[in-house]
Amino acid sequence: MERFQPDNTGEPAPRTHLVLVGIFIGLLGLAAMFVADLWGRVPAQPVIPPVDVKFLETTPWRQSYADMVAAKEDMSDFDCYACHEKGKPPPIRYDANQKIIIPKEHANIKMGHGNHDRNNLCYNCHNEANLVTLQVRDGRELKFDNSPPLCGSCHGPTYFDWENGAHGRTSGYWNTKQGATKRLQCVNCHNPHAPKIPTREPAPGPHSLHDAAAVAAGVKTNSH
Amino acid sequence: MVANNPPNASDKTSDRELTRRSFLRGSAAVSGVAALAASLSPLRELKDFTSTEQFLQKYYKELNPEDMQKVINRIEGEVQHQYGIRPHVRDLKPMDGVEFVYCLNLTRCIGCRKCVHACVAENNQSRSPEIQYIRVLKLPHGSLDLEKAEHRYDTKQVPEKGFFYMPIQCQQCKNPPCVKVCPVNATWQEKDGITVIDYDWCIGCRYCEAACPYWARRFNFAKPQIPKERLNPEMSYLGNRPRKQGVMEKCHFCIQRTRAGRYPACLEVCPVGARKFGNILDPNSEVSHILREKRVFIQLKEEMGTSPRFFYYFDK
């Protein structure tokens, strides 16, 4: 087998040597860079911080009377006859527009039951004859820890839904054989004096980090 | 470098001489080996190899109780090794006479996204990169055109006037397209209605993701990251045990809670009680009442014929 032989089979020119060695070193360097993986590595994504634990809170927004008793809260607000006199209903005062004037002792109460003023009257619900109870229009007298029937006396369909579990919060066990279903009362979510639920801060949405297209398009996204 | 001498070198001095041919051959060999090493170099980053036990593990439905116990012990060991917490892994089976249904009250939902994060916390989803099972859509009143939906809303306060909110998660279809397309049967529908995934059987082909009309399935593109202190140690094999890179996951109605009789995490955290869950086969359950009495208006994308077990309803 005859191999191709260059004409000058003797010494290669020193210049050729130099070039060959240069190429060799270049290739070796390139190989080293490959091994060290100096480029082509995907940059690490910044770490998304975990969500604030306040958004994981499952406790209801408000405490019912029964919750406050159970939690041994300060119940002095419910001790009506510490200030009021028994057997003497406190009078209700109105301003020039026939709006109720909240006395300064009850300044923490903000009236806002409905879009009209007709229901912003204390004795629609509170019992003027016995201030530590509530009264229903049909004559029933209810304790503070049993307020849902009072709400239900006006909000019938909602009360029906609540009784059947279609309205209101539940927690615990869906399977009553394995544990108790806890159902919250109206006042655990609604302030009876202003039942409309106020707006809230939403938890952060999907993080923009992983939607490069949206960022490029300038879509406003959560940065936290 | 070894010089490859031409066989018919004319003189002795050229025996040790570097010829162009031998040089090219040698350098090609060196750079070839180096390139091979470089191409294999990502393997250096592989730390958690699949254990032999996991590799040889049988299909979920073929595991007998003793096999399952071994699998659970392996998973508990792996989680403890990775997170330093000994989890409680169970394999809860569907109950007789139970079919789960979810109802969501669109009149009540305020779009606060607490369900999204309660779900992430309960089900050990990756925090970074982020995986979330629930997507809350914001839609203008008077329309159910999902094209107008926005799920990246970033307002200071919710709800906004003129909009309603529609959370979407796995609809647990009665006729699930995701199950049909799975080439390896790694996902299937259980008799209580939950479509589950065996993370050890999934090959990560993402066919199910493409088949799902609700965008309910999520893929672990990267290794999931969960802070140790946020790990939920109460786990289930088909549910919230930590996933690995390259597998699908999705909402499973909190299988580790609901098969133990409890409500799902998204329901318990909902501050307005818009979410309702229960057994449709029990005529006295909340969901039965809702489906009988309320204006249950849609199964989402009804025309797909998927027949979801997730119902949206209205008050009034």
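The values are calculated or read from the model by the stated rules, or taken from the named source; none is laboratory data. Everything numeric here is computed off the predicted structure, so don't read it as measured data. Methodologically, a virtual Cβ is constructed for each residue, glycine included, from the backbone with ideal geometry; neighbour enumeration extends over all protein chains shown.
Laid out as a table, the results:
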{"item": "Failed condition for B:Lys244, given (1) closer than 20 Å to B:Asp91 by Cβ; (2) modelled with pLDDT of 95 or more", "result": "(2)"}
{"item": "Criterion violated by A:Ala44 - all others in (1) at pLDDT below 80; (2) small (Gly, Ala, Ser); (3) not in a loop (DSSP other than H, G, I, E, B) satisfied", "result": "(3)"}
{"item": "Qualifying residue in segment B:62-69 (condition: under 20 Å from the mean Cα position of the chain (by Cα) and surrounded by 14 or more Cβ atoms within 10 Å (Cβ to Cβ))", "result": "no"}
{"item": "In segment B:111-135, residue surrounded by the fewest Cβ atoms within 10 Å (Cβ to Cβ) [restricted to those that are in contact with a strand residue (DSSP E or B) (Cβ under 7 Å, 6 or more places away or on another chain), under 14 Å from B:Leu267 (Cα atoms) and of a type in the set (Val, Ile, Thr)]", "result": "B:Ile134"}
{"item": "Test: residue in segment B:186-197 that is of a type in the set (A, V, I, L, M, F, W, C) and touching a Phe, Trp or Tyr at 6+ places or on another chain (Cβ under 6 Å)", "result": "yes"}
{"item": "Residue match in segment B:270-286 (condition: among the β-branched types (Val, Ile, Thr), buried (at least 20 other Cβ atoms within 10 Å of the Cβ) and not in a loop (DSSP other than H, G, I, E, B))", "result": "no"}
{"item": "Segment A:165-176, subset assigned to a loop (DSSP other than H, G, I, E, B) and farther than 14 Å from B:Ala274 by Cα, residue farthest from the other protein chains (Cβ to nearest Cβ)", "result": "A:Thr176"}
{"item": "Residue list for segment B:72-96, restricted to those being within 13 Å of another protein chain (Cβ to nearest Cβ) and in contact with a strand residue (DSSP E or B) (Cβ under 8 Å, 6 or more places away or on another chain)", "result": "B:Leu92"}
{"item": "Complete set of residues in segment A:85-126 that are in contact with a strand residue (DSSP E or B) (Cβ under 7 Å, 6 or more places away or on another chain) and either surrounded by 10 or more Cβ atoms within 10 Å (Cβ to Cβ) or in contact (Cβ under 8 Å) with a residue 24 or more places away in the chain (or both)", "result": "A:Ile92, A:Tyr94, A:Ile100, A:Lys110, A:Met111, A:Gly112, A:His113, A:Asn120, A:Leu121, A:Cys125, A:His126"}
{"item": "Condition check for A:Ser153: more than 10 Å from every other protein chain (Cβ to nearest Cβ) and touching a residue at least 40 places away in the same chain (Cβ under 8 Å)", "result": "no"}
{"item": "Lone qualifier among A:Ala129, A:Ala82 - being among the hydrophobic types (A, V, I, L, M, F, W, C) and without any contact (Cβ under 8 Å) to a residue 12 or more places away in the chain", "result": "A:Ala82"}
{"item": "Which numbered condition B:Thr258 misses (of (1) crowded, with 21+ Cβ neighbours inside 10 Å; (2) farther than 18 Å from A:Arg169 by Cβ)", "result": "(2)"}
{"item": "Within segment B:175-193, tally of residues that are surrounded by 15 or more Cβ atoms within 10 Å (Cβ to Cβ) and either out of contact with any Ser or Thr (no Cβ under 8 Å at 6 or more places or on another chain) or at pLDDT below 95 (or both)", "result": "6"}
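Conditions tested, residue by residue: (1) in contact with an Asp or Glu (Cβ under 9 Å, 6 or more places away or on another chain); (2) without any contact (Cβ under 8 Å) to a residue 24 or more places away in the chain; (3) charged (D, E, K, R); (4) assigned to a loop (DSSP other than H, G, I, E, B).
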{"position": "B:Val101", "(1), (2), (3), (4)": "no, no, no, no"}
{"position": "B:Arg108", "(1), (2), (3), (4)": "yes, no, yes, yes"}
{"position": "B:Arg127", "(1), (2), (3), (4)": "no, no, yes, yes"}
{"position": "B:Val136", "(1), (2), (3), (4)": "no, no, no, no"}
{"position": "B:Gly142", "(1), (2), (3), (4)": "no, yes, no, yes"}
{"position": "B:Arg152", "(1), (2), (3), (4)": "yes, yes, yes, yes"}
{"position": "B:Cys173", "(1), (2), (3), (4)": "no, no, no, yes"}
{"position": "B:Pro183", "(1), (2), (3), (4)": "no, no, no, yes"}
{"position": "B:Gly193", "(1), (2), (3), (4)": "yes, no, no, yes"}
